Amino acid sequence: MTLKEIATYLGGYVVGDDSIFIAGPAKIESAKEGEITFLSSLKYKHFLTSTQASAVIVDTKQENLTLAQIVVPNAYVAFVMVLKLFEPQSHSYIQGISDQAFVHSTAIVDPDVHIAPLAYIGPNVKIGSGTVIYPNVSLLAEVQVGQDCIIYPNVSIREHCRIGSRVILQNGCVIGSDGFGHAPHEGAYIKIPQIGNVIIEDDVEVGANTTIDRATLGSTIVKEGTKLDNLVQIAHNVVVGPHTVMAAQSGIAGSTELGEHITIGGQAAITGHIKIGKNAIIAAQSGVTKNLDENAVVWGTPALPLRQRKKIDVSLKYLPDLLKRVQKLEDEIHKHNKHTYNETDGD
Amino acid sequence: MTLKEIATYLGGYVVGDDSIFIAGPAKIESAKEGEITFLSSLKYKHFLTSTQASAVIVDTKQENLTLAQIVVPNAYVAFVMVLKLFEPQSHSYIQGISDQAFVHSTAIVDPDVHIAPLAYIGPNVKIGSGTVIYPNVSLLAEVQVGQDCIIYPNVSIREHCRIGSRVILQNGCVIGSDGFGHAPHEGAYIKIPQIGNVIIEDDVEVGANTTIDRATLGSTIVKEGTKLDNLVQIAHNVVVGPHTVMAAQSGIAGSTELGEHITIGGQAAITGHIKIGKNAIIAAQSGVTKNLDENAVVWGTPALPLRQRKKIDVSLKYLPDLLKRVQKLEDEIHKHNKHTYNETDGD
Amino acid sequence: MTLKEIATYLGGYVVGDDSIFIAGPAKIESAKEGEITFLSSLKYKHFLTSTQASAVIVDTKQENLTLAQIVVPNAYVAFVMVLKLFEPQSHSYIQGISDQAFVHSTAIVDPDVHIAPLAYIGPNVKIGSGTVIYPNVSLLAEVQVGQDCIIYPNVSIREHCRIGSRVILQNGCVIGSDGFGHAPHEGAYIKIPQIGNVIIEDDVEVGANTTIDRATLGSTIVKEGTKLDNLVQIAHNVVVGPHTVMAAQSGIAGSTELGEHITIGGQAAITGHIKIGKNAIIAAQSGVTKNLDENAVVWGTPALPLRQRKKIDVSLKYLPDLLKRVQKLEDEIHKHNKHTYNETDGD
């Protein structure tokens, strides 16, 4: 692909030789000849003189540059588009519906669906056009999947769950496992049937081995555009999103509701039955135990406003010494008081 | 199903019209006409006047109620029974032993077992009557599974492990992976073979993508009635339960033993080679580093008695200010001492 | 197997009757007649008089012992070898290439590979001799696997990833899922294509349900001899090892690089874009937010040198009381000052 073709695709213009052939994208510090890179932050500008890349995507035309440039309004977004351009088309290997897949006779599958060998499509499942189902995937009875989804190997979706369109389910994630409901009764636990389901809205991505439990009654909901990383836990009756991101190994306990555009760091946990306001940011490893207002930024267990938690953390370093200082003050005061007492006594 | 039929099933009696048809159960705040709900706590009593439900299950007969009531000894347990009544019978889709499953010729499978397409049943595996095996499940050599178990998609059980009766294994959980044993030797690690197994006793439930490692020697044991949530880690040679609950993303390191009726919060961790006494409660995200007595209630990392940890957490908010206060005291004392010294000096 | 045969295999010598038959290995405290155990630490020496074992492996010949001994240079390593000797040969059940597996016509598979029923081997996959592929494993297009690997059930390896030799992948682990890259753009997130791969070097072990994301560009790398426990998260473009161990439920965020011989405790987290020096030790549940030097030993969130963090933790127990003590000091000083002031005033 020539630089000119890439510039046209990006809606930008070339400064330099637009006929050069581009083999693929690369990071500025490790790019080789024939590759294209990008400059999104001035912080990396010094690499421009040392990079071996043949071309660079920039927001602003750079002067005195030996390598070719594509100038676009947003270099970062343009580079994402270039990555997309060079993405290997692995899905193309899965063609049509494999006769080594199991597709139940009552399933309603669009002719344009791709189903790999060893996938299981259960009774009354519906799958929309353009969706790709990889090997060892299990879609149980009554599951509905929209259009242009990608369901990677070893994903399982339990009965009655609904998946929107353009949803990506990474390997091994579980949609619709039973919520963790057990009622203590006469020294043992009895299982509370989990008869609800999970609804995943459009443009959601669910990470590898992430688990999303079905609701006891009603639905656990992951709203439009939300992105969950790997090994995340979403308990029954939780509502997340839209456009919320949760980093790896974070978790939300039952019935908690998250608003839009929330950011949750890795290994953070949110207790059950609370509400998190929109745009809140929860730092990694935090433990949120109470409702959070819109725009809250918190850290720690229990989670406190980030600024407050940071102050406490700095102060903690002085705590062992502080104990000694207070002991010393007490000794001095005690000595003084004794002295004073003795003086008084001596009067 | 009529209200009368439900009352009979629950062993309760109806106040109001017992001929009304009930379509299903619902939460009191979102129930619609034709649905039945329950009142387990007086806290929700105000919903009784606003709910759209057609009937409510109560412990004590309510006066002045327009909707019908079923009066039972324990409304909560009765409601759980109603959920069970209306649970979709998804397992009924898996009938007999699919000829698209792989069942090894040496496996001993009760005729009443249900094995879905694409399940793998290895050599010398034994499966008891009434057990349901979903697609993409792998039971390796010599595995034994009792009666009336449910093994959801993508579960794998490794060689020689034993599963009791009425056990539920949620999707993707792993029973019997190798324990994490590696001996440092000449700058590298050599693998310590893990030749034990895992024993899961009756009425246990294991959550989605939870992992339970086989013992180095002997058995890792999950005792009767214990319930593990999703993404839980149980290391080799651990003993858990009976009747213990572990919330999502919690973990137990090797050779630790837990007594009965223990409660472990989400993302809590317990170190290896210790003992946790019965009825102990370990709050979410705690890190338990030492033995715990019976009835201990702990929180934090390292875990401390809950009351003590809470006091510390409250105190922490005053710490940054405390540093300033002590500094001020020191300055005053110092000034005073200097003053005293000067006075003395001036004498 | 006789004791003499075991001694020969271990390169040690027998003290006592070398003709006795050994049924298997066992722990010293639970060994039965006919079993062999070991003494690696003097701490367990008192068990030598009570153990029911028929033989014990020791570093140093023991006097006055009724049971037989094998004397070797390193009793611990010798015992690991004995475990290996008695390991059930479960892999032997998987013979040749099952005709109930799916093997793509373009895959290049050594004749000595073992592929179980219901495994999926995609286009252009290469697998070296001696490797065992269990049921419900998915190897997508262009994956390369070396020699003598064991890939347990329900593992999935995504397109273009490369696995070395003698690698063990425990059940359900995911190699090469998409990195978590989403660029905020006009109120939503756009997916950043993850066009790199994962490289797993020789002698690595990956735990059950662990997830290793593919790189955005280039490779996520797990170096030689590194051992990852269960439910571990390795984000895109991370480099780990060689000879590093990560305990269960720990995680590393994107682009962080770990040197050799690092030890990471359970549930610990390491932030993105930092470097961890060789031989560093990160205690369980720590949160590492900055680069760590070689040989660093840290604990807590944020991670501090272990000794400092421990001092802080001890001090914390005195904090609630410290607040009262400072209050008392302030009262005394205030009283004193008032007194002094009054005196002065009274002058």
Restricting segment A:259-284 to residues that are facing chain B (nearest Cβ under 10 Å) and assigned to a loop (DSSP other than H, G, I, E, B), the residue that is most open to solvent (accessible area, probe 1.4 Å) = A:T271
Matching option when the condition is hydroxyl-bearing (S, T, Y) and surrounded by fewer than 23 Cβ atoms within 10 Å (Cβ to Cβ), among B:Y189, B:Y152 = B:Y189
Would you confirm whether any residue within segment A:160-174 is open to solvent by 30 Å² or more (accessible area, probe 1.4 Å), farther than 24 Å from C:A208 by Cβ, part of a loop (DSSP other than H, G, I, E, B) and in contact (Cβ under 8 Å) with a residue 24 or more places away in the chain?
-> yes
Across segment B:311-322, the tally of residues that are at the interface with chain C (Cβ under 7 Å from one of its Cβ atoms) and either of a type in the set (D, E) or in contact with a Pro (Cβ under 8 Å, 6 or more places away or on another chain) (or both) stands at 3
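Residues checked against (1) among the β-branched types (V, I, T); (2) over 31 Å from the mean Cα position of the chain (by Cα); (3) at negative phi; (4) within 11 Å of another protein chain (Cβ to nearest Cβ):
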| residue | (1), (2), (3), (4) |
| --- | --- |
| B:F21 | no, yes, yes, no |
| B:S30 | no, no, yes, yes |
| B:E33 | no, yes, yes, no |
| B:L65 | no, yes, yes, no |
| B:E87 | no, no, yes, yes |
| B:F102 | no, yes, yes, yes |
| B:I121 | yes, no, yes, yes |
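Table: residues versus (1) of a type in the set (D, E, K, R); (2) closer than 25 Å to C:A253 by Cα; (3) within 8 Å of chain B (Cβ to nearest Cβ).
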site	(1), (2), (3)
A:N154	no, yes, yes
A:H160	no, no, yes
A:L169	no, yes, no
A:P184	no, no, no
A:I190	no, no, yes
A:A208	no, yes, no
A:L217	no, no, yes
A:K227	yes, yes, no
A:L231	no, yes, yes
Could you list all residues from segment B:50-66 that are over 18 Å from B:P25 (Cβ atoms) and open to solvent by less than 20 Å² (accessible area, probe 1.4 Å)?
-> none
Note on segment B:18-39: residues among the acidic types (D, E) and open to solvent by 80 Å² or more (accessible area, probe 1.4 Å) are B:E29, B:E33
Report, by residue number, each residue of segment B:91-120 that is crowded, with 19+ Cβ neighbours inside 10 Å, without any contact (Cβ under 8 Å) to a residue 40 or more places away in the chain and under 27 Å from A:I192 (Cα atoms).
-> B:Y93, B:V113, B:H114, B:I115, B:A116
Just a yes or no: is a residue in segment C:8-17 within 12 Å of chain B (Cβ to nearest Cβ) and under 20 Å from B:I190 (Cβ atoms)?
-> no
Quickly run through segment B:137-152 and pick out the residues that are touching a Lys or Arg at 6+ places or on another chain (Cβ under 8 Å) and within 14 Å of chain A (Cβ to nearest Cβ).
-> B:D148, B:C149, B:Y152
Test B:D178 against the criterion of being open to solvent by 20 Å² or more (accessible area, probe 1.4 Å) and within 20 Å of B:V145 (Cα to Cα), and give yes or no.
-> no
Scope segment A:124-179; condition under 24 Å from C:I175 (Cα atoms) and of a type in the set (D, E, K, R); matching residues | A:D148, A:R158, A:R166
Selected residue (criterion: surrounded by the fewest Cβ atoms within 10 Å (Cβ to Cβ)) from residues of segment B:123-136 that are free of Cβ contacts under 8 Å to residues at least 24 places away in the same chain and within 8 Å of another protein chain (Cβ to nearest Cβ) | B:P123
For segment A:45-63, enumerate the residues that are more than 13 Å from every other protein chain (Cβ to nearest Cβ), without any contact (Cβ under 8 Å) to a residue 40 or more places away in the chain and not polar (S, T, N, Q).
-> A:K45, A:H46, A:F47, A:L48, A:V56, A:V58, A:D59, A:E63
In this structure, does A:A55 turn out to be within 32 Å of the chain's Cα centre (by Cα) and of a type in the set (G, A, S)?
-> yes
Considering only residues of segment C:233-244 that are within 14 Å of chain B (Cβ to nearest Cβ) and open to solvent by 20 Å² or more (accessible area, probe 1.4 Å), which is nearest to the chain's Cα centre (by Cα)?
-> C:H243
Checklist (1) under 20 Å from B:G251 (Cα atoms); (2) surrounded by fewer than 24 Cβ atoms within 10 Å (Cβ to Cβ); (3) more than 18 Å from the chain's Cα centre (by Cα) applied to B:Q144, failing item | (1)
Please enumerate the residues belonging to segment C:139-159 that are within 22 Å of C:P111 (Cβ to Cβ) and assigned to a strand (DSSP E or B).
-> C:L139, C:Q144, C:V145, C:I150, C:I151, C:I157
Total residues in segment A:105-118, condition at negative phi and either facing another protein chain (nearest Cβ under 8 Å) or modelled with pLDDT under 90 (or both) = 2
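Let's see how each residue does on (1) outside any loop (DSSP other than H, G, I, E, B); (2) assigned by TED's automatic domain parsing to the domain that holds C:E260; (3) of a type in the set (K, R):
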| site | (1), (2), (3) |
| --- | --- |
| C:N295 | no, yes, no |
| C:V298 | yes, yes, no |
| C:T301 | no, yes, no |
| C:L323 | yes, no, no |
| C:Q327 | yes, no, no |
| C:D331 | yes, no, no |
| C:N337 | yes, no, no |
Got a number for residues in segment C:179-188 being within 29 Å of the chain's Cα centre (by Cα) and without any contact (Cβ under 8 Å) to a residue 40 or more places away in the chain?
-> 0
Might you let me know whether segment B:293-310 holds any residue that is farther than 29 Å from B:T220 by Cβ and either facing chain C (nearest Cβ under 9 Å) or surrounded by 18 or more Cβ atoms within 10 Å (Cβ to Cβ) (or both)?
-> yes
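The values are calculated or read from the model by the stated rules, or taken from the named source; none is laboratory data. The structure displayed is predicted, hence computed values, not measured ones. When we count neighbours, we look across all protein chains shown, and the Cβ atoms used for this are built from the backbone with ideal geometry, even at glycine. All accessible areas refer to the heavy atoms of the entire protein, side chains included, with ligands and DNA or RNA removed. Shrake-Rupley method; radii C 1.70, N 1.55, O 1.52, S 1.80 Å.
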